[in-house]
1. Sorted by mean Cβ packing within 10 Å, highest first, what order do the peptides 70-81, 253-264 take?
2. Report ³J(HN,Hα) in whole Hz for each residue of the range 65-80, in order, from the Karplus equation J = 6.51 cos²θ - 1.76 cosθ + 1.60 where θ = phi - 60°; Gly and Pro get x.
3. Past the 20 Å Cα-Cα mark, which pairs from Lys42/Lys101; Lys122/Lys218; Lys216/Lys288; Lys101/Lys212; Lys20/Lys288; Lys93/Lys218?
4. What percent do you get for the relative contact order of the range 95-151 when only Cα pairs under 8 Å and 6+ apart count?
5. When only C-alpha pairs under 8 Å and at least 6 residues apart count, what is the relative contact order of the chain, in percent?
6. Check Val261: other-chain or 5+ apart residues with amide H under 5 Å from its amide H, H built from backbone geometry?
7. Could you tell me the ratio Rg/Rh of the range 142-245? Both radii from Cα atoms, Rh via Kirkwood.
8. What residues have an amide H closer than 5 Å to that of Ser68, excluding those fewer than 5 places away on the same chain, when H is modeled at 1.01 Å from N in the peptide plane?
Amino acid sequence: MIPFRSPIFVPGNRRNMLEKAVGFDADFVVPDLEDSVPRQEKENARQVVSEMVPILAERQRVIVRINSLETGLTRGDLEAVVSPHIYGLSIGKVESPHQVKEYDSMVSSLEVKRGIEPGKIKLVFWLENARAILRAYDIATASPRVVGVVFGAEDYTRDMGIQRTESGEELYFPRACIGVAARAARVVALDTPYVKFRDLEGLERDVRAVLKLGFKGKFAIHPAQLEPLNRLFGPQPEEVEKARKIVQAWDAAAAEGRGAVEVDGQAVDVPVVERARDLLAYAEAIAKRGKEK
């Protein structure tokens, strides 16, 4: 189980920012070849990212965001960045399983060509319009490489012809769809960036809204967002303590041949125990990640 709480974008043409990203407390660093890079800078960004990825990978997990098929830049991006050093690729504007299979095929060819273990490079797709939202499960299950799907709110609201609001009611339905589809596909649901990067209180409100829908992380666009993302998407200390009590009580009861147990006035059954075990495993994965750094 790999934490995805706080992937952070870093413009691919900004070498100095990528150098700083080595020390970020992020679950993933995401060098960006897409929206943050002007068209005239694309080739330079490819070169910079290609050179920086091995350095970043010494201390960070790396997912490179590449340009989508419709731009005509995808193959050049892949040629520049596919290597054993990256964990995966982030790709926007995906709206069909057919596109997923096309990306899978291109990555597979490069893995063979470069002697990379087949299937090693994972895929994280952005769902950014109405068609993508309605096909979320099909997209998430179209390839075993898919480990996550991301909600892209800016493009979604543009596609819908609606305005984004601070309260975010207009995002509830697509977020709920993605949360359920991701869980059904057994991949992670990741949320759209919070663009007011100096408003950490607003960020926390946004995170608390998507936590209820099953999201496991949110893309950051500024290092100041990392602490609240790691904290809020991570298991809370009181939750971990309660999970330990539940598992201990259940195991003790099972050892005595009892099938019912009560913890803090709550009747505990199998789903509650399994949820507690999942939480403890996630907390352990986060602790392990911290030691790796």
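Since every read-out is calculated from the coordinates, none of them should be taken as a lab result. Predicted model, so just to flag it, every value in this text is computed and none were measured. Here the Cβ positions follow ideal geometry from the backbone for every residue, glycine too, while neighbour counts run over all protein chains shown.
1. In decreasing order of mean packing, 70-81, 253-264 become 70-81, 253-264.
2. Once rounded to whole Hz, the list reads 8, 10, 7, 6, 4, 5, 7, x, 9, 4, 4, x, 4, 4, 4, 7.
3. The pairs that break the limit, which is 20 Å between Cα atoms, are Lys42/Lys101; Lys101/Lys212; Lys20/Lys288.
4. For the range 95-151, the relative contact order is 46 percent.
5. Dividing the mean separation by the residue count of the chain yields 16 percent.
6. It is Val268, by chain and number.
7. 0.99
8. Gly92
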